[in-house]
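Structure, as structure tokens:
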Amino acid sequence: MSELQKIKKSKPSFVPEPSAILEDFRIAMISRHASLMGRKEVFMGKAKFGIFGDGKELAQIAMARAFQLGDFRSGYYRDQTFMMAMGELNVKQYFAQLYAYTNVEEEPASAGRLMNGHFATRSLNEDGSWKDLTKMNNSAADISPTAAQMPKLLGLAYASKLFRVNKGMKKLKQFSVNGNEVAWGTIGNASTSEGMFFESINAAGVLQVPMVISIWDDEYGISVPKEFHTTKGSISEALAGFQRTEEKPGFEIIKVKGWNYEALLQAFQEAGELARTEHVPVLIHVEEMTQPQGHSTSGSHERYKSKERLDWEKDWDCIKKFREYILENELATADALDKIEAEAKAHVKKEKEAAWSDFSGEIKKELNEAVALIKSAAKDSTRKVVLDQLADELKKTINPIRKDVVSTVRKALLLLRFDSNSGKNELKAWYEKQNELNHDRYSSHLYSQSEWSVLKIDEVPAEFNEKSAVVDGREVLQAFFDNKLENDPRFFAFGEDVGKIGDVNQAFAGLQAKHGEWRVSDTSIRECTIIGQGIGAALRGLRPIAEIQYLDYLLYGLQMLSDDLASLQYRTKGGQKAPLIVRTRGHRLEGVWHAGSPMGMILSTLRGMVVCVPRDMTQAAGMYNTLLKSDEPAIVVECLNGYRLKERLPENIGEFTVPLGKPEILREGTDLTIVTYGSMCRIVMDAAQELSEIGIEVEVIDVQTLLPFDVHGIIGESVKKTNRVIFADEDVPGGASAFMLQQVIEGQKVFRYLDSDPQTLPAKAHRPAYSSDGDYFSKPSIEDVVEKVYSMMHEVNPKTFPAL
Ligand SMILES: Cc1ncc(C[n+]2csc(CCOP(=O)(O)OP(=O)(O)O)c2C)c(N)n1
Ligand SMILES: [Mg+2]
């Protein structure tokens, strides 16, 4: 028996073959040298900012050993070693991201759109269709806000539960193998202070989902030490009450040192097995980690760490300890380890240079083209001297970026404004081509570019016949949800009071009993993680409806929607999608925390999502149908005062679709156009009737969706006819009414067709006071609409419409 065989025999099963241990060492060394060289690149001005994973390598190698195909990671900027160990990040890609290389093959996580340290795998094929996620190592796309990886981590784990317990979901073989997938989370010690960390932990404990959350504890959050962050200075101690017992389910909590290779292997192995087989959530508190280079390139840790701490970090560096372990166990000689390190370092250097050469080569090529074109255009120009000078200066730029090139070309085109020669035309054509390329590089994929874009879903009109039932609005939705639960195994819904009672307005009444408690589910009161639960499940191919009970409480979940969901397709350049539908109810609520219509807030924070504002439940059901056929995330704001109003139930409830981005003309008129949405539709329609009685014919348009907004220019056409327009809603002044005004006046170029000032009719700037009088004096009423229109007509024709 050889020495190595003897060692192998004496080791527990979680310790891999000696050759694999040396491979782990090699990956750790590659990762470390990538960190060390990465920092230098920033200081040399080749990248703007750097944050690295040094000091956290060993635990990530252990996590990689327990990670299996189909599993998901949701972590943060320290996880480069894990990604490298999984084979999901090579050194060239690592540097491509550091340089912000926009080539998606070279930088598959974000195509240069995100700072370094934002990891992601690509779940989608180029055409936007899903890959087989069960055959991949999956990483959700990282975001920067500390702890924001937690809510979607909950959803990633929740999906495994759903796949395991819902029979129909077992058919979805591309996404899960019986819910065996573990969601692996990572978070820094200081970030555990965030509310969303605690909210996610509590929810995972309640739901008993396969989530393994690792805390990389280096005792600091930038400069602030642990005693300022965490009760008792230890997150595992603070969370001790979450530990499961014989009698009560909870978390398994494991503590381990970040430099102890075998203990780390064991911890991650056990955690993975427990989560995978029993769906028990596990928390691994990895202590005694270090930051050899400090927090990031933005500062030096010598400023705030004591000499003792800095010395301790050197002695307890996990790679140093790993090396000692290998030597003590005689797995390799010091020379052999030195050789591995030297090779790792050379490899990193070579790949770094290759990444730089590709990245800078592409820009230099553009620069040379631009220089040549400017010089050629300069030849016959009266501004030849200045143009040549511009080109020469551009040529001399050290480490040029694309901005240097494009801004020089734009300056040149300005100088050439009086010229008309072929050189100028070529320069202009080149610039236009670059604009297209740069749009693709920096601005594509805010919305889906696939065949499932909401704009490409065919319209299927609602069908009615003389026998069609007239029912409460909520029953239209109930029929719709019932149909979807029956026919679409990907579909499920959850939220506060959604399960047993079928939501506070009973659109899901009886559907939990009929379809099961894991299809229509109650949650605790936790809007932020309700959104995260939906995002994570949607990332895994499911089609959740996450309910926010009232629109005003969306604020608790808004951060996840804005930072994570709305930016997902954009920040991965189409590499991931999470077509979550957020269902909520608003408008015409009464009270400060029941204002119900902060649409401007939604519009400015949720670009990248579809925003639906149906006027009734039939329109809402049709919009849900469209959304479920598409692959875009959306929010649907139902009208709170509409659930008991009578509507006709379409015969094709499961099939009809409402086209998104297409306003509907609710009433034709010739004198003035009123553009509105949601509950205001009824108010404006009533006002239009009153106005008609006094000789004013108003055209009323329901925008139906605020994003996308009137893609066919229907409103503009109306304004061309009536020459007057009011944008009315329940939002604050300058909110969604101002958005609509900008979209129509600027976007549809109708200014020259206007015979009166364009106007808005919003609510008061404050939130609405309580009760019906509060509503009347805070939000636009029928009389407000009538008087506003009348005053505009009075201005035009005071004789026919004398002052009131
Ligand atoms: C919501 C939010 N607040 C502040 C920051 C700025 N910030 C970035 S990293 C960091 C410290 C995080 O420390 P820790 O969680 O311990 O992770 P470590 O960097 O030490 O691994 C802070 C405050 C941020 N990214 N997001
Ligand atoms: Mg820390």
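Details
- Residue satisfying all of: in the range 212-239; over 32 Å from the mean Cα position of the chain (by Cα) and at negative phi; surrounded by the fewest Cβ atoms within 10 Å (Cβ to Cβ) among these: E227
One line per residue, one yes/no per condition, for (1) more than 10 Å from ligand 1 (Cβ to nearest atom); (2) of a type in the set (S, T, N, Q); (3) touching a helix residue (DSSP H, G or I) at 6+ places or on another chain (Cβ under 8 Å):
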position: G185; (1), (2), (3): yes, no, yes
position: L207; (1), (2), (3): yes, no, yes
position: I222; (1), (2), (3): no, no, yes
position: F228; (1), (2), (3): yes, no, no
position: A238; (1), (2), (3): yes, no, yes
position: Q243; (1), (2), (3): yes, yes, no
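- In the range 291-311, the residues that are open to solvent by 60 Å² or more (accessible area, probe 1.4 Å) form Cβ pairs under 8 Å with partners that are in a loop (DSSP other than H, G, I, E, B) and not β-branched (V, I, T), at six or more places apart or across chains, as follows: S298/F49; E302/G294; R303/S223.
- Every condition in (1) open to solvent by 10 Å² or more (accessible area, probe 1.4 Å); (2) within 16 Å of ligand 2 (Cβ to nearest atom) is met by K171 except one, and the failing one is (2).
- Failed item, numbered, when I525 is tested on (1) open to solvent by less than 10 Å² (accessible area, probe 1.4 Å); (2) over 25 Å from L114 (Cα atoms); (3) not hydroxyl-bearing (S, T, Y): (1)
- Among the candidates N138, N189, N178, the residue that is free of Cβ contacts under 8 Å to residues at least 60 places away in the same chain and either closer than 14 Å to Q576 by Cβ or within 16 Å of ligand 1 (Cβ to nearest atom) (or both) is uniquely N189.
- Checking M150 against (1) buried (at least 21 other Cβ atoms within 10 Å of the Cβ); (2) within 13 Å of ligand 2 (Cβ to nearest atom), the condition it does not meet: (2)
- L606 meets all of the listed conditions (1) buried (at least 24 other Cβ atoms within 10 Å of the Cβ); (2) touching a helix residue (DSSP H, G or I) at 6+ places or on another chain (Cβ under 8 Å) but one, namely (1).
- The number of residues in the range 650-704 being more than 30 Å from the chain's Cα centre (by Cα), open to solvent by less than 50 Å² (accessible area, probe 1.4 Å), within 21 Å of E638 (Cα to Cα) and of a type in the set (A, V, I, L, M, F, W, C) comes to 10.
- Of the residues screened, E199 is not one that is outside any loop (DSSP other than H, G, I, E, B), more than 31 Å from the chain's Cα centre (by Cα) and within 16 Å of ligand 1 (Cβ to nearest atom).
- Strands (runs of 3 or more DSSP E) within the range 456-534 that include 1 or more residues under 16 Å from L627 (Cα atoms) and in contact (Cβ under 8 Å) with a residue 60 or more places away in the chain: 491-495
- Positions within the range 273-329 being of a type in the set (V, I, T) and either assigned to a strand (DSSP E or B) or within 13 Å of ligand 2 (Cβ to nearest atom) (or both), in sequence order: V282, I284, V286, T290
- Yes/no for N641 being surrounded by fewer than 21 Cβ atoms within 10 Å (Cβ to Cβ) and at pLDDT below 95: yes
- Meets criteria (over 30 Å from E126 (Cβ atoms) and either open to solvent by 10 Å² or more (accessible area, probe 1.4 Å) or aromatic (F, W, Y) (or both)) for D472: yes
- S772 farther than 24 Å from M601 by Cβ, of a type outside the set (A, V, I, L, M) and modelled with pLDDT under 95: yes
- Residues of the range 616-630 satisfying the condition of being in contact with a strand residue (DSSP E or B) (Cβ under 9 Å, 6 or more places away or on another chain), open to solvent by 10 Å² or more (accessible area, probe 1.4 Å) and assigned to a helix (DSSP H, G or I): T618, Q619, L628
- When restricted to residues that are part of a loop (DSSP other than H, G, I, E, B) and either farther than 27 Å from L606 by Cβ or open to solvent by 10 Å² or more (accessible area, probe 1.4 Å) (or both), the range 736-762 contains 9.
The values are calculated or read from the model by the stated rules, or taken from the named source; none is laboratory data. If you're wondering where the values come from, they're calculated on a predicted model, not measured in any experiment. Quick reminder, even Gly has a Cβ in these numbers, built from the backbone with ideal geometry, and neighbours come from all protein chains shown. The protein model used for the area step is the full one, side chains on, heavy atoms only, and it has no ligands, DNA or RNA in it. Shrake-Rupley method; radii C 1.70, N 1.55, O 1.52, S 1.80 Å.
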